[in-house]
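Student: Structure below; questions to follow.
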Amino acid sequence: MRSMSSPCSSKGIAAIVGVGPKLGCSIARKFAYEGYTVAILARDLAKLSRFAEEIAREAKAQVFAIRIDCSDSKSVREAFEGVLSLGFVEILVYNASEPVSCQPTKFTAISLESFKRSLAVSTVGPFHCAQQVIPGMVERGRGTIIFTGSSASLSGFAGNCELSCGKFALRGLSQCLAGEFQASGVHVAHVIIDGVIDRHEEIKA
(Lines give C-alpha, C1' and ligand atoms only; values in the text may rest on other atoms or scores of the structure.)
Protein backbone atom coordinates (compact mmCIF):
# COMPACT_ATOMS: atom_id res chain seq x y z
CA MET A 1 0.00 0.00 0.00
CA ARG A 2 1.33 3.41 -0.95
CA SER A 3 0.11 6.71 0.47
CA MET A 4 0.57 10.18 -0.92
CA SER A 5 0.32 13.64 0.64
CA SER A 6 -1.85 15.37 3.32
CA PRO A 7 -3.94 14.01 6.25
CA CYS A 8 -7.04 11.86 5.79
CA SER A 9 -10.12 13.83 4.79
CA SER A 10 -12.98 14.29 7.23
CA LYS A 11 -15.28 13.27 4.36
CA GLY A 12 -14.03 9.72 4.69
CA ILE A 13 -12.71 7.23 2.17
CA ALA A 14 -13.80 6.73 -1.42
CA ALA A 15 -12.67 3.22 -2.37
CA ILE A 16 -12.51 2.60 -6.11
CA VAL A 17 -12.08 -1.06 -7.08
CA GLY A 18 -10.98 -1.74 -10.65
CA VAL A 19 -8.83 1.26 -11.55
CA GLY A 20 -7.32 1.47 -15.00
CA PRO A 21 -6.11 4.50 -16.96
CA LYS A 22 -9.57 5.43 -18.27
CA LEU A 23 -12.83 5.19 -16.31
CA GLY A 24 -11.32 4.02 -13.01
CA CYS A 25 -8.82 6.87 -12.90
CA SER A 26 -11.50 9.38 -13.87
CA ILE A 27 -13.74 8.23 -11.01
CA ALA A 28 -10.86 8.34 -8.53
CA ARG A 29 -9.81 11.79 -9.73
CA LYS A 30 -13.36 13.13 -9.30
CA PHE A 31 -13.57 12.01 -5.68
CA ALA A 32 -10.07 13.32 -4.95
CA TYR A 33 -11.06 16.76 -6.26
CA GLU A 34 -14.23 16.59 -4.15
CA GLY A 35 -12.09 16.33 -1.02
CA TYR A 36 -12.22 12.61 -0.22
CA THR A 37 -9.28 10.47 0.75
CA VAL A 38 -9.15 7.98 -2.10
CA ALA A 39 -8.14 4.32 -2.08
CA ILE A 40 -7.62 2.87 -5.55
CA LEU A 41 -7.47 -0.90 -5.96
CA ALA A 42 -6.45 -3.20 -8.81
CA ARG A 43 -4.09 -6.12 -9.52
CA ASP A 44 -1.10 -4.24 -10.92
CA LEU A 45 0.38 -2.32 -7.98
CA ALA A 46 3.14 -0.70 -10.04
CA LYS A 47 0.68 0.91 -12.46
CA LEU A 48 -1.70 1.71 -9.62
CA SER A 49 1.02 3.54 -7.71
CA ARG A 50 1.72 5.73 -10.73
CA PHE A 51 -1.98 6.57 -11.00
CA ALA A 52 -2.06 7.40 -7.27
CA GLU A 53 0.92 9.73 -7.55
CA GLU A 54 -0.57 11.50 -10.56
CA ILE A 55 -4.02 11.98 -9.00
CA ALA A 56 -2.57 13.07 -5.64
CA ARG A 57 -0.39 15.64 -7.35
CA GLU A 58 -3.21 17.03 -9.52
CA ALA A 59 -5.90 17.12 -6.83
CA LYS A 60 -3.63 17.82 -3.85
CA ALA A 61 -5.32 14.91 -2.09
CA GLN A 62 -4.30 11.78 -0.27
CA VAL A 63 -4.45 8.72 -2.50
CA PHE A 64 -3.63 5.15 -1.52
CA ALA A 65 -2.75 2.38 -3.98
CA ILE A 66 -3.72 -1.08 -2.74
CA ARG A 67 -3.33 -4.33 -4.63
CA ILE A 68 -6.41 -6.56 -4.97
CA ASP A 69 -7.38 -9.65 -6.95
CA CYS A 70 -11.16 -9.59 -7.02
CA SER A 71 -11.38 -13.27 -7.97
CA ASP A 72 -9.58 -14.22 -4.72
CA SER A 73 -11.58 -13.82 -1.50
CA LYS A 74 -8.43 -13.76 0.66
CA SER A 75 -6.98 -10.96 -1.45
CA VAL A 76 -10.21 -8.95 -1.09
CA ARG A 77 -10.19 -9.34 2.71
CA GLU A 78 -6.54 -8.32 2.98
CA ALA A 79 -7.02 -5.35 0.67
CA PHE A 80 -9.96 -4.03 2.68
CA GLU A 81 -8.08 -4.44 5.93
CA GLY A 82 -5.80 -1.80 4.43
CA VAL A 83 -8.69 0.35 3.23
CA LEU A 84 -10.53 0.25 6.55
CA SER A 85 -7.35 1.07 8.46
CA LEU A 86 -7.49 4.49 6.78
CA GLY A 87 -10.89 5.40 8.23
CA PHE A 88 -14.56 4.91 7.40
CA VAL A 89 -15.54 4.07 3.83
CA GLU A 90 -18.14 6.58 2.73
CA ILE A 91 -18.23 5.44 -0.90
CA LEU A 92 -17.43 2.15 -2.61
CA VAL A 93 -17.30 2.04 -6.40
CA TYR A 94 -16.93 -1.45 -7.89
CA ASN A 95 -15.68 -1.02 -11.43
CA ALA A 96 -13.76 -4.27 -11.94
CA SER A 97 -14.35 -6.74 -14.74
CA GLU A 98 -12.31 -9.50 -16.31
CA PRO A 99 -10.95 -8.41 -19.72
CA VAL A 100 -12.82 -10.02 -22.60
CA SER A 101 -12.16 -10.11 -26.31
CA CYS A 102 -13.74 -7.35 -28.37
CA GLN A 103 -14.66 -10.11 -30.82
CA PRO A 104 -17.52 -12.55 -30.07
CA THR A 105 -16.35 -15.83 -28.55
CA LYS A 106 -18.03 -19.08 -29.53
CA PHE A 107 -19.67 -20.76 -26.55
CA THR A 108 -17.85 -24.03 -27.26
CA ALA A 109 -14.50 -22.19 -27.24
CA ILE A 110 -14.90 -20.81 -23.70
CA SER A 111 -12.91 -22.76 -21.12
CA LEU A 112 -14.49 -23.52 -17.76
CA GLU A 113 -11.61 -21.80 -15.95
CA SER A 114 -12.04 -18.63 -17.99
CA PHE A 115 -15.79 -18.62 -17.39
CA LYS A 116 -15.37 -19.19 -13.64
CA ARG A 117 -12.83 -16.40 -13.32
CA SER A 118 -15.05 -13.97 -15.20
CA LEU A 119 -17.96 -14.85 -12.90
CA ALA A 120 -15.74 -14.51 -9.84
CA VAL A 121 -14.63 -10.98 -10.76
CA SER A 122 -18.16 -9.83 -11.67
CA THR A 123 -20.06 -11.51 -8.80
CA VAL A 124 -17.94 -12.93 -5.99
CA GLY A 125 -15.65 -9.89 -6.01
CA PRO A 126 -18.40 -7.29 -5.50
CA PHE A 127 -20.10 -9.57 -2.97
CA HIS A 128 -16.96 -9.67 -0.83
CA CYS A 129 -16.17 -5.97 -1.26
CA ALA A 130 -19.69 -5.00 -0.21
CA GLN A 131 -19.47 -7.29 2.82
CA GLN A 132 -16.34 -5.46 3.95
CA VAL A 133 -17.94 -1.99 3.99
CA ILE A 134 -21.66 -2.44 4.65
CA PRO A 135 -21.38 -3.14 8.41
CA GLY A 136 -19.59 0.19 8.95
CA MET A 137 -22.06 2.03 6.74
CA VAL A 138 -25.01 0.57 8.63
CA GLU A 139 -23.41 1.48 11.94
CA ARG A 140 -23.02 5.12 10.83
CA GLY A 141 -26.39 5.17 9.06
CA ARG A 142 -24.95 6.34 5.75
CA GLY A 143 -22.86 5.27 2.79
CA THR A 144 -22.98 4.74 -0.95
CA ILE A 145 -22.12 1.72 -3.08
CA ILE A 146 -21.98 2.04 -6.86
CA PHE A 147 -21.61 -0.96 -9.16
CA THR A 148 -20.74 -0.26 -12.79
CA GLY A 149 -22.52 -2.35 -15.41
CA SER A 150 -22.85 -2.33 -19.16
CA SER A 151 -25.37 -3.13 -21.88
CA ALA A 152 -24.40 -6.77 -21.18
CA SER A 153 -26.15 -6.35 -17.81
CA LEU A 154 -29.49 -6.07 -19.60
CA SER A 155 -29.20 -8.19 -22.73
CA GLY A 156 -27.32 -11.37 -23.54
CA PHE A 157 -25.63 -11.19 -26.93
CA ALA A 158 -24.30 -14.05 -29.03
CA GLY A 159 -20.62 -14.57 -28.33
CA ASN A 160 -20.76 -12.51 -25.11
CA CYS A 161 -21.56 -15.26 -22.61
CA GLU A 162 -18.73 -14.69 -20.13
CA LEU A 163 -19.38 -10.99 -19.67
CA SER A 164 -23.19 -11.11 -19.75
CA CYS A 165 -23.59 -13.86 -17.14
CA GLY A 166 -21.47 -11.99 -14.62
CA LYS A 167 -23.02 -8.61 -15.36
CA PHE A 168 -26.55 -9.99 -15.03
CA ALA A 169 -25.63 -11.40 -11.61
CA LEU A 170 -24.04 -8.10 -10.54
CA ARG A 171 -27.26 -6.25 -11.36
CA GLY A 172 -29.21 -8.75 -9.26
CA LEU A 173 -26.79 -8.31 -6.36
CA SER A 174 -27.11 -4.54 -6.49
CA GLN A 175 -30.91 -4.69 -6.48
CA CYS A 176 -30.94 -7.10 -3.52
CA LEU A 177 -28.56 -4.90 -1.51
CA ALA A 178 -30.49 -1.74 -2.37
CA GLY A 179 -33.72 -3.27 -1.10
CA GLU A 180 -32.18 -4.64 2.08
CA PHE A 181 -30.11 -1.66 3.21
CA GLN A 182 -32.05 1.38 2.02
CA ALA A 183 -33.76 1.73 5.40
CA SER A 184 -30.32 1.71 7.06
CA GLY A 185 -29.22 4.79 5.13
CA VAL A 186 -27.04 2.90 2.65
CA HIS A 187 -27.61 3.86 -0.99
CA VAL A 188 -26.79 1.17 -3.56
CA ALA A 189 -26.82 1.96 -7.28
CA HIS A 190 -26.13 -0.01 -10.44
CA VAL A 191 -24.96 2.29 -13.24
CA ILE A 192 -25.22 1.11 -16.84
CA ILE A 193 -22.40 2.36 -19.09
CA ASP A 194 -23.87 1.65 -22.49
CA GLY A 195 -20.83 2.10 -24.67
CA VAL A 196 -17.23 1.09 -25.29
CA ILE A 197 -14.48 2.70 -23.23
CA ASP A 198 -11.25 2.11 -25.17
CA ARG A 199 -11.00 -1.68 -25.22
CA HIS A 200 -7.23 -1.38 -25.63
CA GLU A 201 -7.04 -0.10 -22.04
CA GLU A 202 -8.81 -2.89 -20.19
CA ILE A 203 -9.50 -2.54 -16.46
CA LYS A 204 -7.99 -5.43 -14.52
CA ALA A 205 -8.81 -6.21 -10.90
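Student: Expressed as an acute angle from 0 to 90° and rounded to the nearest 10, what is the orientation of the C-alpha long axis of helix 73-84 relative to the principal long axis of the chain?
Tutor: Around 20 degrees separate the two axes.
Student: Under 17 Å between alpha carbons, and skipping anything fewer than 8 positions from residue 106 in its own chain: which lysines qualify?
Tutor: 116
Student: Where Lys and Arg each count +1 and Asp and Glu each count -1, what net charge lies around residue 128 among other residues with Cβ under 14 Å from its Cβ?
Tutor: That sum, taken over residues with Cβ under 14 Å, equals -2.
Student: For residue 115, what accessible area in Å² do you get when you roll a 1.4 Å probe over the heavy atoms of the protein chains, rounding to the nearest 10?
Tutor: Here the residue's solvent-accessible area equals roughly 50 Å².
Student: Quick one: in the stretch 1-139, what % of C-alpha pairs are over 26 Å apart?
Tutor: In whole percent, the share of Cα-Cα pairs in the stretch 1-139 beyond 26 Å is 24.
Student: Sticking with this structure for a sec: Can you give the angle from 0 to 90° between the axis of helix 45-59 and the longest principal axis of the chain, with both taken from C-alpha atoms, to the nearest 10?
Tutor: For helix 45-59, the angle is close to 50 degrees.
Student: Specify the angular offset, from 0 to 90 degrees and rounded to the nearest 10, of the alpha carbon long axis of helix 125-140 from the longest principal axis of the alpha carbons in the chain.
Tutor: The answer is roughly 30 degrees.
Student: Might you report the magnitude of the Cβ-based charge dipole of the stretch 90-200 about its Cα centre, with Lys and Arg at +1 and Asp and Glu at -1, to the nearest 20 debye?
Tutor: The dipole magnitude comes to about 120 debye.
Student: What lysines does residue 47 reach when the alpha-carbon gap must be under 18 Å and sequence neighbours fewer than 8 apart in one chain are set aside?
Tutor: Counting by Cα, and skipping residues close in sequence, residue 47 has these lysines nearby: 22, 204.
Student: In percent, how large is the relative contact order of the chain, given Cα pairs closer than 8 Å and 6 or more residues apart?
Tutor: Dividing the mean separation by the residue count of the chain yields 24 percent.
Student: Got a number for the accessible area of residue 154? Probe 1.4 Å, square angstrom, nearest 10.
Tutor: 90 Å²
Student: Residue farthest toward the positive end of the dipole of the stretch 48-130, with Cβ of Lys/Arg at +1 and Asp/Glu at -1: which of 128, 104, 61?
Tutor: 104
Student: Here's another thing I want to ask about it. Summing Lys, Arg as +1 and Asp, Glu as -1, what charge do residues with Cβ under 15 Å from the Cβ of residue 169 carry, residue 169 excluded?
Tutor: Once positives and negatives cancel, what remains is +2.
The values are calculated or read from the model by the stated rules, or taken from the named source; none is laboratory data. For clarity, every value in this text was computed on a predicted model and none was experimentally measured. We place every Cβ from the backbone using ideal geometry, glycine too, and count neighbours over all the protein chains shown. Accessible surface areas use protein heavy atoms only, side chains included; no ligands, DNA or RNA. Shrake-Rupley method; radii C 1.70, N 1.55, O 1.52, S 1.80 Å.
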